[in-house]
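Participant: Can you keep this structure in mind? I'll have questions shortly.
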Amino acid sequence: MNSKKILYISTLPKESQTGGANAVNFHTFKELQKHFNCGYYQIKTPENLIEKYLSKFLRKIINQPGKFSFYSSSRLKKISEEFKKVASGYDLIFFRGFTPWILCKPTVPYMAYNDVNFQQFFENTFSYEDFESSDIQRIFDTEKAWLSNSKKVFFESVWGSERCQEQYGLSQDKLLGLGRGGSIQIPEFDTYNGGADLLLVANNFYQKGGDLVFEVFKELYKKYSRLRFHIVGGEPEDKVLKHSGVIYHGRLNKENHQDNLKLRELYSKSFLLMHLTREDTNPLVITEAGYFGCPSVSVNQFAIPELIKSMETGVLLPYNPGSDLIKKTISSLLNDKEKYLMMRKAAWKFNHENFSWDEIGLNLKTIIDKTLLEN
């Protein structure tokens with residue numbers, strides 16, 4: 001193990017694996033720990049409630065642009081002050097995420113790892129007209145400068161890296177689409193038993209296209225009585241829950257043994273993972289389903305084309321696809337067993353070979369070793 005000391009800074013708890021962000025955070029630190037003497041520090045400075053509700057009042061009540069209070073100057077300054085208290089005595093700082101840290105000024109080399117930069121996150125989630133343009137630009141400019149001063153900026157996907165380069169104009173040499181693994185015990189065998197179960201795993205049913213899947217499921221269920229629609233995560237409306245063939249499992253917590261077993265069972269027996277998302281970056285659920293050989297049907301948007309080889313390991317549809325296309329896609333696989341089983345084998349192989357935390361850890365070690373040697 002390298003004797004150099006690394007401080008890992010995150011907004012998230014060290015041991016949590018619930019949700020995609022927490023899982024990536026957990027595994028990233030574990031990989032760094034294999035190779036370096038690492039310390040972990042969580043900074044969770046709360047948002048100023050006055051700033052938060054004032055912005056909401058302006059945007060929601062009187063239809064005026066607000067300020068992005070979560071990254072207000074005052075909150076970012078408090079975060080930087082907290083960082084100063086713990087930053088000494090290390091050879092390198094490794095930040096999980098970007099925007100919370102943009103006023104932090106390490107005195108040693110630093111690196112950061114995230115799904116996307118703030119501008120891409122903002123454009124995925126919000127409308128420019130809802131916020132003061134000068135306030136949003138303040139965050140863009142400050143983040144760009146902070147990333148420019150880092151030694152390396154890692155992304156969970158090549159897409160994230162390319163979007164940052166396009167939006168912030170950073171040197172391509174500084175950016176790297178590092179990738180990421182899943183966060184579930186990887187099976188040794190594909191135990192699929194020939195069922196026709198559709199699976200949706202989503203905290204927000206609508207955001208991840210659950211409504212689109214349900215409308216198609218209703219039609220297909222009339223023809224394929226063995227078809228089932230399993231839902232994990234956020235609770236859908238009553239009309240979904242009460243429909244024949246729909247099975248709602250609630251929110252499953254991977255840190256709970258029984259919940260973990262249930263999720264593994266669902267992945268292993270599902271015919272297709274349905275992920276017709278409206279808002280996303282680099283969804284972990286596609287990789288985790290793929291570990292079990294379960295192909296995904298998703299959209300040709302965000303970083304998802306890096307996770308699915310269309311018509312080989314799953315199917316990529318246009319963003320916000322129509323019900324006829326979704327129905328045709330599912331039906332074609334239901335009716336062609338040989339084609340489907342080939343897709344399962346390809347999904348298994350692709351995800352096992354390309355989304356390994358061990359490989360990511362080794363890549364990080366190589367890059368960090370070189371940086372420490374140069375400094």
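Participant: Report, in debye and to the nearest 20, how large the dipole of the chain comes out about its Cα centre when Lys and Arg carry +1 and Asp and Glu carry -1 on their Cβ.
Facilitator: So the dipole magnitude of the chain works out to roughly 540 debye.
Participant: Shifting gears a bit: Rounded to the nearest 500, what is the chain's calculated 222 nm mean residue ellipticity when only DSSP H runs of at least 4 contribute -39500 (n - 2.57) each, over all residues?
Facilitator: -13500 deg cm²/dmol
Participant: In addition: So what's the gap between the Cα centers of segment 157-209 and segment 214-282, to the nearest angstrom?
Facilitator: 19 Å
Participant: Just name one of 375, 133, 232: the one whose Cα is farthest towards the positive end of the charge dipole of the chain (beta-carbon charges, Lys/Arg +1, Asp/Glu -1).
Facilitator: The one lying farthest along the dipole's positive direction is 232.
Participant: Taking amide H atoms as placed 1.01 Å from N in the peptide plane, list the residues 5 or more away in sequence, or in a different chain, whose amide H sits under 5 Å from that of residue 247.
Facilitator: 229, 230, 231
Participant: Now a separate question. What is the distance in Å between the Cα centres of segment 74-108 and segment 318-375?
Facilitator: For segment 74-108 versus segment 318-375, the Cα centre distance is 34 Å.
Participant: Okay, moving on. Once you've got the Cα coordinates, tell me which of 151/370; 309/345; 30/144; 14/84 are over 18 Å apart.
Facilitator: Too far apart for the 18 Å limit: 30/144; 14/84.
Participant: Could you work out how far helix 257-269 tilts from the main Cα principal axis of the chain, as a 0 to 90 degree angle to the nearest 10?
Facilitator: Rounded to the nearest ten degrees, it is 50.
Participant: Would you pull out the residues with amide H under 5 Å of residue 131's amide H, same chain only if 5 or more places away, H placed 1.01 Å from N?
Facilitator: 66
Participant: Please compute, over every Cα-Cα pair in segment 159-252, the percentage with a separation greater than 18 angstrom.
Facilitator: Numbers: 2701 of 4371 pairs.
More than 18 Å apart: 62 percent of the Cα pairs in segment 159-252.
Participant: Which residue, chosen from 241, 304, 202, occupies the Cα position most advanced towards the positive end of the dipole of segment 197-354, where the dipole is computed from +1 (Lys, Arg) and -1 (Asp, Glu) charges on Cβ about the Cα centre?
Facilitator: Towards the positive end, the residue furthest out is 241.
Participant: Could you tell me which of rounded, prolate or oblate describes segment 197-354, using a ≥ b ≥ c as the square roots of the eigenvalues of the alpha-carbon gyration tensor, with rounded for a/c under 1.5 and, failing that, prolate when a/b is larger than b/c and oblate otherwise?
Facilitator: It is rounded, given that a/c, with a ≥ b ≥ c, falls under 1.5.
Participant: Per residue and in Å³, how big is the convex hull formed by the alpha-carbon atoms of segment 288-375? Don't skip to the end; give the middle numbers.
Facilitator: On the way: hull volume 8.3 nm³, N = 88.
Normalising the Cα hull of segment 288-375 by residue number yields 95 Å³.
Participant: Please turn the phi angles of segment 100-116 into ³J(HN,Hα) values with the Karplus equation 6.51 cos²θ - 1.76 cosθ + 1.60 (θ = phi - 60°), one per residue in order, whole Hz, x for glycine and proline.
Facilitator: x, 9, 6, 9, 6, 10, x, 8, 10, x, 9, 9, 8, 9, 8, 7, 8
Participant: Additional query: May I ask you to derive the FRET efficiency for residue 188 and residue 47 from their Cβ-Cβ distance with R0 = 41 Å, giving the value to the nearest 0.05?
Facilitator: Numbers: r = 44 Å, r/R0 = 1.08.
For R0 = 41 Å, the calculated efficiency reads 0.40.
Participant: Find the relative contact order for segment 197-354 and round it to a whole percent, using C-alpha pairs within less than 8 Å whose residues are 6+ positions apart.
Facilitator: On the way: 265 pairs, mean separation 34.5, N = 158.
Relative CO of segment 197-354 lands at 22 percent.
Participant: If you don't mind, there's one more thing I want to ask. Name the chymotrypsin sites (Phe, Trp or Tyr not before Pro) in segment 28-127 that are in a loop by DSSP and that have at most 14 other C-beta atoms within 10 Å, would you?
Facilitator: 126
Laboratory data are not the source of any read-out in this text; all were calculated from the coordinates shown. Here the structure is a predicted model, which means the values were calculated and not measured. Cβ: placed from backbone, ideal geometry, glycine included. Neighbour counts: every protein chain shown.
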